[in-house]
Amino acid sequence: MPIFKLLSSLRLTVTLLGFAMVLIFVATIIQVELGIHEVQEKFFRSWIAWWDVMPGQKKFSIPIPGGTLLGILLIINLLAAHGARFKLSWNKAGMLVIHSGIMLMLLGEIFTGLLGREAQMAVNEGETLNYSTFPREVELVVIRPDGDGVETVTAIPQGRLKDGAEFPFGGFSVKIHSHYPNSELLPESDATDKFDKTRATVGLGKGYAVRRKSIETAADRRDLTTAFVEVIPDGGKSQGRWLLSNAFKGEQSFEAAGRSWKMSIRPRRLYHPFSIKLLDFSHDRYLGTDVPKNFSSKIRILNPDTGENREDLIYMNHPLRYGGLTFYQAGFENNDTTSIFQVVRNPVWTLPYISCAMVGLGLLWVFSQHLIKAVSRRNKTSPAP
């Protein structure tokens, strides 16, 4: 069949590898403008990537195959090539294991992109947390205190925060007057004409001015997301305009529908069915220097569902694997009183290890077969003593 012949051809393999080189080159160049995280999503974990070939001028983008599409086509190409040309035999076993390892590695990256998530947990000594946060994503939360420390939280993801968007609640609605994915906040007295004329009339943001900024691309910088928000009772007029931002700590209170509420813009949270308490954080240095030697966090795991209450230690190159998550020691702050964990959920984290072992085993098999044949030929051609 012509289609099967095409899918199993070496020309297709070379073409796909060529496109992969182009993708890597383009993504490396554009990373300066977009940042590594956005490039990863738009180029390596997409079906089609759009390359702007005229940056800084009139936008003109062309499509190129994305990483997901190239990975799947390479897997199909390998399977078709095996079906067309390879036969099961001990001589071909090494190549079969090598190609299987490569396919498993490609599948591992695809599933990591689909299922993997990375968050952070910053815990102060003595503090107990049951959630992680996504530093590059925010959410607008409206909180209803129900008493006895219980709160009902409604989270609105960042993708829905648009100018004019309105979200109904029981007896009132929250309306986004204007939204800034990244911004600069200054006291009104220090603001220039470049700042927006809109001002908050109530809340913590009174007296501040906002200016829109480009999205941050540096890995060590974060966007300052801001929104002017109005609370509108059903059938009534706006109660005022609040300025919400992840630059402000804590929530802002308001009254609506006969009770108290709170709202804020904060990093998006991922709640866990267990809690982690930081008992002690240690920052060891080499004697007589400020060079870090080791970071370690002594923690307590509290799981009400299983009744588990035990201590553990997280330190460099020794993560904690618990509840389908992996906690890595990532950093610290506040004069060594706050520990920062990188929280990774990756159900297929073992696939890269398995695939590398398979490729290594296959290479060892191939080289050993060639060595055995070379030794055998040498023994046959060696003259008798």
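Only the coordinates and a few stated rules stand behind these numbers; no lab work does. Keep in mind it's a predicted model, so treat the numbers as computed, not measured. Here the Cβ positions follow ideal geometry from the backbone for every residue, glycine too, while neighbour counts run over all protein chains shown.
Assorted remarks:
- Using the alpha carbons alone, the radius of gyration of region 1-101 stands to its Kirkwood radius in an Rg to Rh ratio of 1.11.
- Calculated on C-alpha atoms, the gyration radius of region 217-332 divided by its Kirkwood radius gives an Rg/Rh of 1.14.
- Under a 5 Å amide H cut-off, with hydrogens placed 1.01 Å from N, residue 256 pairs with 261 among residues at least 5 apart or on other chains.
- Against the rule of thumb 2.2 N^0.38 Å, how large the Cα Rg of region 137-269 comes out: 1.05
- Nearest 10 degrees, 0 to 90: helix 351-381 Cα axis against the chain principal axis: 10
- Other-chain or far-sequence residues with amide H under 5 Å of residue 268's (modelled H): 134, 137, 138, 139
- Taking the charge dipole of the chain about its Cα centre, with +1 at Lys and Arg Cβ atoms and -1 at Asp and Glu Cβ atoms, the residue from 167, 242, 370 reaching farthest to the positive side is 370.
- Within region 264-385: Cβ-based charge dipole about Cα centre, in debye rounded to nearest 20 (Lys, Arg +1; Asp, Glu -1): 820
- With the convex hull drawn over the C-alpha atoms of the chain, the volume per residue is 288 Å³.
- About its Cα centre, the dipole of the chain is roughly 2040 debye, where the only charges are +1 on Lys and Arg Cβ and -1 on Asp and Glu Cβ.
- Taking other C-beta atoms within 10 Å as the exposure proxy, 14, 39, 366, 229 rank 14, 366, 39, 229 from fewest upward.
- For region 137-269, with +1 on Lys and Arg beta carbons and -1 on Asp and Glu, the positive-most of 142, 156, 210 along the dipole: 210
- For residue 205, residues with placed amide H under 5 Å, excluding near neighbours: 243
- Reach of residue 87 by Cα under 19 Å, taken over lysines that are not fewer than 8 positions away in the same chain: 5
- Reachable aspartates and glutamates from residue 298, criterion Cα separation under 15 angstrom, eight or more residues apart if same chain: 125, 127, 280, 284, 311, 312, 336
- Relative contact order (%) - region 153-247, alpha-carbon pairs under 8 angstrom, separation at least six: 30
- Candidates 373, 206, 197, ranked by Gaussian network fluctuation over the chain, Cα under 10 Å, top entry: 373
- From phi via Karplus (6.51, -1.76, 1.60), per-residue ³J(HN,Hα) for region 93-103 in Hz, x at Gly/Pro: 4, x, 5, 5, 5, 4, 5, 5, x, 5, 4
- Rel. contact order, % - alpha carbon contacts under 8 angstrom, at least six apart, the chain: 18
- Remark: region 265-276, residue by residue, has Karplus-estimated 3J(HN,Hα) of 10, 9, x, 5, 9, 10, 7, 10, x, 9, 10, 10 Hz, where x stands for each Gly or Pro and the curve is 6.51 cos²θ - 1.76 cosθ + 1.60 at θ = phi - 60°.
- Sorted fewest first by neighbouring Cβ atoms within 10 angstrom, 118, 151 come out as 151, 118.
- Cα long-axis angle, helix 10-34 against the chain (0 to 90 degrees, to the nearest 10): 30
- Derived scalar couplings ³J(HN,Hα) [region 236-245; Karplus, 6.51 cos²θ - 1.76 cosθ + 1.60; whole Hz; x for Gly, Pro]: x, 9, 4, 7, x, 10, 9, 9, 10, 7
- Rounded tilt (10° steps) of 67-85 against the dominant C-alpha axis of the chain: 20
- Positive dipole terminus of the chain, leading residue within 339, 317, 60 (C-beta point charges): 60
- Taking Lys and Arg as +1 and Asp and Glu as -1, the other residues whose beta-carbon sits under 12 Å from that of residue 202 total +1.
- Qualifying GluC sites (Glu not before Pro) in region 171-245, DSSP loop, other Cβ atoms within 10 Å at most 11: none
- For region 1-73, applying the loop criterion from DSSP together with a ceiling of 11 other beta carbons within 10 Å to the trypsin sites (Lys or Arg not before Pro) yields 58, 59.
- Sum of side-chain charges, residue 346 neighbourhood, beta-carbon under 14 Å (Lys, Arg +1; Asp, Glu -1): +2
- Positive minus negative residues near residue 310 (Lys, Arg vs Asp, Glu; Cβ under 12 Å): 0
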